[in-house]
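The values are calculated or read from the model by the stated rules, or taken from the named source; none is laboratory data. Since the model is a prediction, treat every value here as computed from it, not as a measurement. Here the Cβ is made from the backbone with ideal geometry for all residues, glycine too, and neighbour counts use every protein chain on show. Note: accessible area is taken over every heavy atom of the protein model, side chains too, but ligands, DNA and RNA are not part of it. Shrake-Rupley method; radii C 1.70, N 1.55, O 1.52, S 1.80 Å.
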Amino acid sequence: MISINHLSISFSGNPLFDNISFIIKDRDRIGLTGKNGAGKSTLLKILSGLQMPDNGNIVVTSGHEIGYLPQEMIPNSSRTIIEEAMQAFEKTIAIEKSIAKIQKEISERTDFESIEYHRLIERLAENNERYHLLGGGNERATAEKVLLGLGFKHSDFDRPITQFSSGWQMRVELAKILLRSPEVMLLDEPTNHLDIESIEWLEEFLQSYQGAVVVVSHDRRFLDNITNRTVEIVLGRIEDYNVSYSLYVEQRQQRRDIQQAAYDNQQKEINQIEHFIERFRYKATKARQAQSRLKMLEKMDRIEVDTFDSSAISFRFPPAPHSGKVVVNTLQVSKSYDDLKVFSNVDFILERGEKVAFVGKNGEGKTTFSRIIVGEITDYSGTFERGHQVKIGYFAQNQSVLLDGEKTVFETLDDIATGDVRTRVRRILGCFLFSGEDIDKKVKVLSGGEKTRLALAKLLLEPVNLLVLDEPTNHLDMLSKDILKSALLQYNGSLIVVSHDRDFLESLTTKVYEFRNGGVKEHIGDVAEFLKDRKIEKLSELERANDVRSDNSAGDKSNYHEQKQIEREERRKKSRIERLEKEISDIENSLSELSELMTSNPALCTIENCNRYEKLKHSLDSKMEEWALIA
């Protein structure tokens with residue numbers, strides 16, 4: 001368990017946190033959320049011991065190891081992938097060496113009856129027991145399993161880590177933390193460098209993990225799938241709810257609606273009392289009543305409505321200039337790096353106004369193909385044609401590296417803006433939350449989210465009819481992602497978007513191109529339909545495997561009884577889930593009815609009704625938590 005007590009920290013005199021306190025329990029799955037710059041990464045650094053707060057303290061249960069994955073780092077290792085991953089087993093490796101040393105000492109001794117000899121035997125037994133408890137002997141197999149889950153191939157294991165991009169090196173760092181299996185994992189944007197399949201694998205891993213997890217992520221679907229508690233940093237304080245992110249957003253809004261209704265009702269009552277006091281305080285016959293009401297006002301507990309940060313980016317892409325009907329056309333395009341073939345014989349046509357997604361594992365060629373389309377890569381084979389009057393806006397995956405860190409925010413746009421746009425640079429920056437002193441900041445001091453916003457602002461400097469966006473949502477907060485998605489849905493040009501964010505992609509595109517095993521396959525529909533198709537394939541394989549197991553176990557009495565027991569447990573579980581779902585539905589209906597009543601009629605916002613609402617909400621939280629554990 002970790003206890004955070006009255007934590008405060010400031011930067012340049014501005015408070016980031018102010019007297020925050022909460023507890024991380026041993027089996028918690030916490031989604032740590034908040035806007036870009038709210039302090040999520042700073043809080044994880046404090047929890048991991050890498051940074052000290054101005055005030056307050058952190059208390060960690062004795063014996064609890066903390067594993068921390070930063071958002072960005074530069075690994076410095078000359079080892080191979082598998083050798084680096086095996087560094088996670090330093091505990092078992094140390095015990096293994098200790099066992100070997102004790103065994104050697106025992107083999108050299110002849111004083112079998114001495115106390116020292118028996119102590120050596122006891123130490124050997126203790127070390128052996130601890131070694132097996134930590135999974136000793138299976139380290140290599142376990143490491144390979146995790147690396148494969150995170151997208152590596154068997155052929156990658158013995159390659160030096162320096163041959164891989166920073167994103168793949170971050171995957172090795174994530175693998176090491178998963179393999180170390182600490183009591184508490186602090187993960188800062190772990191999905192930024194993962195593809196959809198690796199994200200799904202990580203979700204399954206974390207769902208069965210026995211320790212506590214605190215994860216910073218702007219992937220709503222990922223948070224909903226693995227967390228049961230949401231801690232959001234808002235204006236230096238925290239909001240803490242025992243539900244996943246989407247439910248938290250709903251409950252937070254319901255809570256504010258109730259507070260607002262109660263506040264409005266109380267203000268009406270206060271105005272009436274103040275009016276009475278003002279009218280009758282100097283009349284002898286009413287002075288006593290006026291004084292009584294004045295005391296009533298002084299004793300009244302004033303209702304406050306939770307404040308929240310409502311600032312958000314706000315923009316629309318300029319209307320797309322007219323282009324030819326065919327925007328991009330490739331025929332038998334292939335690309336290799338020396339002996340490594342990335343993809344071959346790719347046929348791809350993008351028509352005017354089409355919006356498509358590129359998905360697939362990292363390293364399969366999504367970014368490479370995008371760079372061919374925008375003209376950054378020219379040494380390929382096959383035919384590539386860009387349509388008539390096509391103007392491209394490109395957001396590169398490594399955008400933060402491409403920005404000049406020594407320039408200011410204002411200079412970054414002003415230096416490339418031309419014509420009338422130069423007069424609108426400050427307004428464009430304002431749309432992306434850069435105003436006042438912010439525009440004079442050097443790019444190198446910006447957070448990841450701020451750099452992404454600045455790179456998106458560059459796309460508004462001139463109208464384009466083809467947007468090619470490579471992982472545009474990395475580092476963006478939830479609200480900014482929603483606004484970007486809305487702007488893209490309204491954009492009337494053509495769109496190619498590379499992304500692993502399922503929630504962002506859903507309903508955004510009409511086609512999905514899957515990069516896999518050196519080829520590209522077209523799927524009609526959005527990413528939800530694509531994932532559904534892939535899941536059906538996996539389920540059919542699972543069913544076939546179940547059929548084989550059934551055939552092999554025919555006539556086996558023991559397996560028959562075990563199967564019956566499993567079926568009974570499944571029926572009980574199903575019955576419990578159905579009962580919980582009905583109870584949850586009933587509570588949600590009651591909450592909705594009560595909320596509507598109090599919203600439509602402020603007079604009903606009594607303390608009794610507010611208390612009833614809170615009790616229903618707590619009951620719903622409890623039922624949802626129970627449902628999440630067994631569903």
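In the set (1) touching a Gly at 6+ places or on another chain (Cβ under 8 Å); (2) part of a loop (DSSP other than H, G, I, E, B), Pro53 fails one condition alone, (1).
Within the range 584-594, how many residues are buried (at least 16 other Cβ atoms within 10 Å of the Cβ) and in contact (Cβ under 8 Å) with a residue 24 or more places away in the chain? Step through it out loud before you land on a result.
Applying the first criterion (buried (at least 16 other Cβ atoms within 10 Å of the Cβ)) to the range 584-594 yields 584, 587, 591, 594.
Okay, now just the ones that are also in contact (Cβ under 8 Å) with a residue 24 or more places away in the chain, so 584, 587, 591.
Final tally of qualifying residues: 3.
Within the range 319-335, being crowded, with 17+ Cβ neighbours inside 10 Å and either part of a loop (DSSP other than H, G, I, E, B) or modelled with pLDDT under 75 (or both) holds for Ala320, Ser323. Among the residues of the range 27-38, is any more than 20 Å from Glu183 (Cβ to Cβ), part of a strand (DSSP E or B) and more than 20 Å from the chain's Cα centre (by Cα)? Looking for residues that are more than 20 Å from Glu183 (Cβ to Cβ), part of a strand (DSSP E or B) and more than 20 Å from the chain's Cα centre (by Cα), one finds none in the range 27-38, hence no. Checked against (1) closer than 30 Å to Ile9 by Cβ; (2) open to solvent by less than 100 Å² (accessible area, probe 1.4 Å), Asn76 meets all criteria but (2). Only one entry in Thr227, Thr191 is within 20 Å of the chain's Cα centre (by Cα), open to solvent by less than 10 Å² (accessible area, probe 1.4 Å) and hydroxyl-bearing (Ser, Thr, Tyr), namely Thr191. The strands (runs of 3 or more DSSP E) found wholly in the range 458-542 and carrying at least 3 residues that are in contact with a strand residue (DSSP E or B) (Cβ under 6 Å, 6 or more places away or on another chain) and open to solvent by less than 30 Å² (accessible area, probe 1.4 Å) occupy 466-470, 494-498, 511-516. Residue check: Val213 meets all listed conditions (1) buried (at least 19 other Cβ atoms within 10 Å of the Cβ); (2) part of a helix (DSSP H, G or I) but one, namely (2). Note down all Cβ pairs under 7 Å where the first residue falls in the range 76-95 and is more than 13 Å from Tyr131 (Cβ to Cβ), the second is β-branched (Val, Ile, Thr) and surrounded by fewer than 15 Cβ atoms within 10 Å (Cβ to Cβ), and they're at least six residues apart or on different chains. Going by the 7 Å Cβ cut-off, the qualifying pairs are Ser78/Thr162. For the range 575-603, the set of residues classified as farther than 21 Å from Gln253 by Cβ and modelled with pLDDT under 70 consists of Ala603 only. Against the list (1) surrounded by fewer than 19 Cβ atoms within 10 Å (Cβ to Cβ); (2) over 20 Å from Lys617 (Cβ atoms); (3) β-branched (Val, Ile, Thr), the condition Val234 fails is (2). Among residues of the range 1-20 that are assigned to a loop (DSSP other than H, G, I, E, B), those with a Cβ under 6 angstrom from a residue that is among the acidic types (Asp, Glu) and open to solvent by less than 90 Å² (accessible area, probe 1.4 Å), sequence gap 6+ or separate chain, pair up as Met1/Asp26. Taking the range 336-383 as the range and being part of a loop (DSSP other than H, G, I, E, B), open to solvent by less than 60 Å² (accessible area, probe 1.4 Å) and among the small types (Gly, Ala, Ser) as the test, the residues that pass are Gly353, Gly365, Gly375. Scanning the range 481-521 for residues that are within 23 Å of the chain's Cα centre (by Cα), more than 24 Å from Lys325 (Cβ to Cβ) and of a type in the set (S, T, N, Q) yields Ser486, Ser499, Ser507. When restricted to residues that are free of Cβ contacts under 8 Å to residues at least 40 places away in the same chain and open to solvent by 50 Å² or more (accessible area, probe 1.4 Å), the range 194-204 contains 1. The conditions of being within 30 Å of Gly365 (Cβ to Cβ) and touching a residue at least 60 places away in the same chain (Cβ under 8 Å) are met by Gly448.
For every residue, the table says whether it meets (1) touching a Pro at 6+ places or on another chain (Cβ under 6 Å); (2) among the small types (Gly, Ala, Ser); (3) open to solvent by 50 Å² or more (accessible area, probe 1.4 Å); (4) closer than 26 Å to Glu183 by Cβ.
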{"site": "Thr61", "(1), (2), (3), (4)": "no, no, yes, yes"}
{"site": "Gly67", "(1), (2), (3), (4)": "yes, yes, no, yes"}
{"site": "Glu84", "(1), (2), (3), (4)": "no, no, no, yes"}
{"site": "Gln87", "(1), (2), (3), (4)": "no, no, yes, yes"}
{"site": "Ile93", "(1), (2), (3), (4)": "no, no, yes, yes"}
{"site": "Glu96", "(1), (2), (3), (4)": "no, no, yes, yes"}
{"site": "Gln103", "(1), (2), (3), (4)": "no, no, yes, no"}
{"site": "Arg109", "(1), (2), (3), (4)": "no, no, yes, no"}
{"site": "Glu113", "(1), (2), (3), (4)": "no, no, yes, no"}
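Checked against (1) in contact with an Asp or Glu (Cβ under 8 Å, 6 or more places away or on another chain); (2) modelled with pLDDT of 90 or more; (3) over 30 Å from Glu506 (Cβ atoms), Val425 meets all criteria but (2).
Going by the conditions given, is Thr191 at negative phi, part of a loop (DSSP other than H, G, I, E, B), touching a residue at least 12 places away in the same chain (Cβ under 8 Å) and touching a helix residue (DSSP H, G or I) at 6+ places or on another chain (Cβ under 6 Å)? Even if it seems obvious, please write down each step before you answer.
Details: at negative phi: yes; part of a loop (DSSP other than H, G, I, E, B): yes; touching a residue at least 12 places away in the same chain (Cβ under 8 Å): yes; touching a helix residue (DSSP H, G or I) at 6+ places or on another chain (Cβ under 6 Å): yes.
So Thr191 passes the test.
Restricting the range 129-186 to residues that are among the small types (Gly, Ala, Ser) and open to solvent by less than 40 Å² (accessible area, probe 1.4 Å) leaves a set whose member that is modelled with the lowest pLDDT is Gly135.
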